[in-house]
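Below you'll find the structure, written out as structure tokens, and then a few comments.
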Number of protein chains: 2
Amino acid sequence: MSAREPLRVVYHLAVDAARAEARAEVLAREQTVEVPRAVVRDAIVRGEALGRVEALREDPGGGFRATLAYPIGATGLDPAQLLNVVFGNSSLHADVRCLDLEPGAELASALGGPRFGIAGLRAAAGVAGRPLTCTAIKPMGLSTAALASLAGCFARAGVDFVKDDHGLADQPWSPFRERVAACLAAIARAAEETGHRPVYVPNLIGTPERMRDAQRFAEDAGARAVMASPMLVGLPAFWELCRRSSVPVLAHPAFAGTLRFAPEALFGKLFRLYGADAAIFVSFGSRFAQGEDACRAVAEALRRPWAGLRPALPVPAGGIELASASKLVEFYGSDAMLLVGGDLQLEADRVLERSRDFVRSVHAAAARA
Amino acid sequence: MSAREPLRVVYHLAVDAARAEARAEVLAREQTVEVPRAVVRDAIVRGEALGRVEALREDPGGGFRATLAYPIGATGLDPAQLLNVVFGNSSLHADVRCLDLEPGAELASALGGPRFGIAGLRAAAGVAGRPLTCTAIKPMGLSTAALASLAGCFARAGVDFVKDDHGLADQPWSPFRERVAACLAAIARAAEETGHRPVYVPNLIGTPERMRDAQRFAEDAGARAVMASPMLVGLPAFWELCRRSSVPVLAHPAFAGTLRFAPEALFGKLFRLYGADAAIFVSFGSRFAQGEDACRAVAEALRRPWAGLRPALPVPAGGIELASASKLVEFYGSDAMLLVGGDLQLEADRVLERSRDFVRSVHAAAARA
């Protein structure tokens with residue numbers, strides 16, 4: 001193996017002790033040279049391209065954990081080929097799960113990670129020292145006027161970030177450009193009344209070319225953050241979007257849960273490595289079954305010092321109820337953004353009041369902490 | 001629901017009879033309006049955006065099958081938002097699998113499907129009436145000269161398609177442009193000797209911008225087909241690549257197996273809908289555990305008349321051995337492309353002979369059929 005620091009990936013292998021070593025060796029070939037062992041003849045292929053089993057140990061929960069070292073030359077330092085090396089073909093093998101990865105300094109620097117990170121999101125909102133609050137304008141099917149009116153209502157309630165629902169695209173009921181302009185205007189009007197101007201976060205979704213146009217429009221219109229779903233648009237397209245962005249980017253988890261990835265490896269590390277400034281993930285206390293340990297692991301993976309990359313903001317979400325907000329503040333601490341969506345709209349004539357309750361309960365819980 | 005033909009998606013729900021109806025209704029909201037039922041107040045939201053449970057029946061294997069109808073307005077006729085409606089948030093729910101989808105005529109026409117299809121691939125190779133043969137230059141780590149020499153060898157053996165291994169990217173050992181030019185030249189030299197000129201298929205992998213450059217280079221250099229991995233680069237980026245392509249596009253399944261999708265829905269229908277002219281998939285008789293029924297379903301979903309889209313070519317693969325080639329010809333029939341990779345290189349000094357054996361065995365099996 002060359003002197004460059006390798007990419008390390010940890011996998012769980014559902015095999016018994018008799019087969020573990022051979023299985024790990026097959027995995028190392030599958031992810032790089034992809035030929036039978038007898039065909040690995042060339043010295044450079046063997047020394048500089050082939051993956052290597054660096055560690056193999058029994059997993060306390062059954063099966064084995066294998067740490068593989070891949071020469072980073074195999075990734076070509078490209079975001080798409082990196083995914084290929086991490087979990088391309090082996091994703092088609094039912095006995096493998098991807099648990100963890102360490103890109104090393106050179107690869108991490110090539111990908112770049114968050115360009116704004118937690119500090120950039122706090123600067124956009126003008127908030128220090130407490131958790132941030134976030135809600136979504138929805139549901140899909142509302143007119144632009146109705147969605148903008150909701151945005152204005154949330155602004156008056158004092159929410160920090162008002163984002164598009166991730167299902168708001170360029171649909172007949174509310175075309176993208178019309179919605180972005182109207183929501184920014186509604187928030188500006190609310191700001192004139194109250195002095196509080198939340199960050200409106202348009203949802204960028206589409207093919208790469210459509211996303212580039214939408215991104216340019218949103219930034220020119222004055223959006224101070226944007227959102228995209230890396231697994232829907234493709235992590236490589238998400239990476240390009242982050243590289244180009246002049247404002248922080250929130251990552252939404254749609255289409256991601258189907259992967260046989262440990263949540264902290266996917267939402268924590270990969271999303272951060274590819275440039276997410278904040279990662280939305282389904283939390284305990286939501287309508288998705290995610291345990292507290294997994295949630296803690298995701299939040300820590302996003303925030304802790306890692307690979308020279310900026311920290312990214314954890315955004316627990318997924319149908320969190322107003323009543324749980326203060327408990328979640330205790331759990332996730334200050335460097336987090338709480339996203340409460342539909343629950344704020346439960347009572348048609350009390351959206352402003354419920355939104356104010358949300359803001360108050362987060363601020364109060366933060367003050368107690 | 002509006003008069004436009006809806007998008008229909010079939011899911012498996014791992015629930016008991018007491019919960020089935022409510023679970024399906026929750027799924028319909030999750031994939032569209034994404035709010036509690038009480039928040040679905042607006043008449044247009046309820047009538048034109050909300051998904052609807054169209055059928056619900058017990059699955060003989062346990063659980064329930066739910067057919068949901070989504071207004072196609074919800075997709076915005078966009079490739080990324082379509083994925084979002086099909087399986088965005090619900091991919092994060094462990095009790096749901098996506099089994100099938102029917103886009104309907106308007107959505108199918110908006111996506112467009114294969115631009116060349118089986119006929120275009122046959123025209124590129126100049127082969128009618130028998131299965132096509134394919135192999136891959138590999139392993140990663142070989143120099144451009146060594147890879148081009150393999151391409152020339154496969155050409156002389158009479159293989160129809162010679163493709164890059166899906167792990168060949170833009171790596172130090174063989175940069176993309178250098179490799180494409182050298183392989184096309186090696187195949188042209190072989191064609192002068194033998195009169196047979198196979199189709200060389202470069203692998204396009206990278207971010208959307210890098211793929212666009214690579215695609216332009218490959219087409220200008222004279223490549224008569226290209227390959228990409230839809231799940232690595234993102235299905236929406238793959239769709240744009242297919243729309244732009246002046247040559248047929250082969251789809252590789254890397255990073256796809258992790259999805260909780262029925263193989264025929266993902267590799268058969270979605271890959272075809274998004275524009276794949278041929279879909280490579282792991283077959284029985286390979287190093288991947290895929291049953292014959294699933295393989296038949298994938299092949300049929302690619303080829304049968306569907307939604308007004310051109311048929312796409314099934315490409316069974318995944319470590320098929322030379323000895324299985326004739327059995328696979330019997331199974332898949334004439335409209336298929338057999339991909340045998342590493343096995344042709346098992347003996348260093350007999351690559352040409354083994355490749356000739358592969359070609360002969362496919363031709364002979366086809367003649368017997």
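The table that follows gives values for the structure above.
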quantity: Any hit, segment A:313-333, residues being buried (at least 20 other Cβ atoms within 10 Å of the Cβ), among the aliphatic types (A, V, I, L, M) and touching a Cys at 6+ places or on another chain (Cβ under 7 Å); calculated: yes
quantity: Sole exception among (1) within 14 Å of chain A (Cβ to nearest Cβ); (2) under 14 Å from the mean Cα position of the chain (by Cα); (3) not β-branched (V, I, T) for B:P208, by number; calculated: (2)
quantity: Inter-residue pairs, beta-carbon under 9 Å, first more than 7 Å from chain A (Cβ to nearest Cβ) and in segment B:28-45, second in a helix (DSSP H, G or I) and of a type in the set (F, W, Y), 6+ apart; calculated: B:Q31/B:F87
quantity: Filter result (under 12 Å from the mean Cα position of the chain (by Cα) and closer than 21 Å to A:S324 by Cα) within segment A:279-309; calculated: A:A279, A:I280, A:F281, A:V282, A:V298, A:A299
quantity: Residues located in segment A:180-200, provided they are within 30 Å of B:I72 (Cβ to Cβ), out of contact with any Leu (no Cβ under 6 Å at 6 or more places or on another chain) and not small (G, A, S); calculated: A:V180, A:C183, A:L184
quantity: Members of segment A:75-90 that are part of a loop (DSSP other than H, G, I, E, B) and more than 18 Å from A:V35 (Cα to Cα); calculated: A:G76, A:L77, A:D78
quantity: The listed residue being touching a strand residue (DSSP E or B) at 6+ places or on another chain (Cβ under 8 Å), surrounded by fewer than 17 Cβ atoms within 10 Å (Cβ to Cβ) and outside any helix (DSSP H, G or I), out of A:R97, A:R65, A:R57; calculated: A:R57
quantity: A:V9 of a type in the set (V, I, T) and either in contact with a helix residue (DSSP H, G or I) (Cβ under 6 Å, 6 or more places away or on another chain) or assigned to a loop (DSSP other than H, G, I, E, B) (or both); calculated: yes
quantity: Among (1) crowded, with 23+ Cβ neighbours inside 10 Å; (2) assigned by TED's automatic domain parsing to the domain that holds A:E192; (3) within 25 Å of A:P311 (Cα to Cα) - the single one A:T75 does not satisfy; calculated: (2)
quantity: Residues within segment B:285-319 that are farther than 18 Å from B:A225 by Cα, assigned to a loop (DSSP other than H, G, I, E, B) and in contact (Cβ under 8 Å) with a residue 24 or more places away in the chain, tallied; calculated: 9
quantity: Verdict on A:R272 being within 23 Å of B:M231 (Cβ to Cβ) and more than 13 Å from chain B (Cβ to nearest Cβ); calculated: yes
quantity: Only listed residue being over 26 Å from the mean Cα position of the chain (by Cα), more than 26 Å from A:N203 (Cα to Cα) and in a helix (DSSP H, G or I), chosen from A:A145, A:A38, A:A108; calculated: A:A38
quantity: Selection status of A:I118, buried (at least 19 other Cβ atoms within 10 Å of the Cβ) and touching a residue at least 60 places away in the same chain (Cβ under 8 Å); calculated: yes
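Let's see how each residue does on (1) acidic (D, E); (2) within 20 Å of B:L266 (Cβ to Cβ); (3) assigned by TED's automatic domain parsing to the domain that holds B:I137:
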| site | (1), (2), (3) |
| --- | --- |
| B:P311 | no, yes, yes |
| B:Y332 | no, yes, yes |
| B:L338 | no, no, yes |
| B:L344 | no, no, yes |
| B:D349 | yes, no, yes |
| B:R354 | no, no, yes |
| B:D357 | yes, no, yes |
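The values are calculated or read from the model by the stated rules, or taken from the named source; none is laboratory data. All values reported here derive from a predicted model rather than from experimental measurement. In this analysis, Cβ positions are derived from the backbone assuming ideal geometry, glycine residues included, and neighbour counts consider all displayed protein chains.
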